[in-house]
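Notes follow once the structure below has been shown.
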Amino acid sequence: MSDNNIWVCTVCAYEHDGEPADDFECPLCGVGKESFEKAE
Ligand SMILES: [Zn+2]
């Protein structure tokens, strides 16, 4: 889906709606944006 913009934490599978900001931290495990990847 081209309009899907869900990002998933690769550590804990937390789902974030929209691309995380550069200083975003996962609210569950505390990793940064670099540990998120866009969901298919
Ligand atoms: Zn996480």
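Read the figures in this text as sums done on the coordinates, not as results from a lab. Here the structure is a predicted model, which means the values were calculated and not measured. A quick note on method: Cβ atoms are made from the backbone with ideal geometry, for glycine too, and the neighbour counts reach across all protein chains shown.
With a cut-off of 8 Å between alpha carbons and a minimum separation of six or more residues, what is the relative contact order of the chain in percent?
Working: 63 pairs, mean separation 17.8, N = 40.
Reported as a whole number, the value is 44 percent.
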If Lys and Arg each add +1 and Asp and Glu each add -1, what is the summed charge of the other residues whose beta carbon sits under 14 Å from the beta carbon of Glu40? -2
Given H placed 1.01 Å from N in the peptide plane, which residues other than close sequence neighbours of Ile6 have an amide H under 5 Å from its amide H? Gly18, Ala39
Quick one: dipole size for the chain, taken about the Cα centre, charges +1 on Lys/Arg Cβ and -1 on Asp/Glu Cβ, in debye to the nearest 20. 120
Local net charge near Val11, Cβ-Cβ under 13 Å (Lys/Arg +1, Asp/Glu -1): -3
Once the other residues with Cβ under 13 Å from the Cβ of Val31 are scored (Lys, Arg +1; Asp, Glu -1), what is the net sum? -3
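Pull out a ≥ b ≥ c, the square roots of the eigenvalues of the alpha-carbon gyration tensor of the chain, then state rounded if a/c is under 1.5, prolate if not and a/b is larger than b/c, and oblate in the remaining case. Show your work: numbers first, answer last.
Working: a/c = 2.31, a/b = 1.62, b/c = 1.43.
It comes out prolate by the Cα gyration axes.
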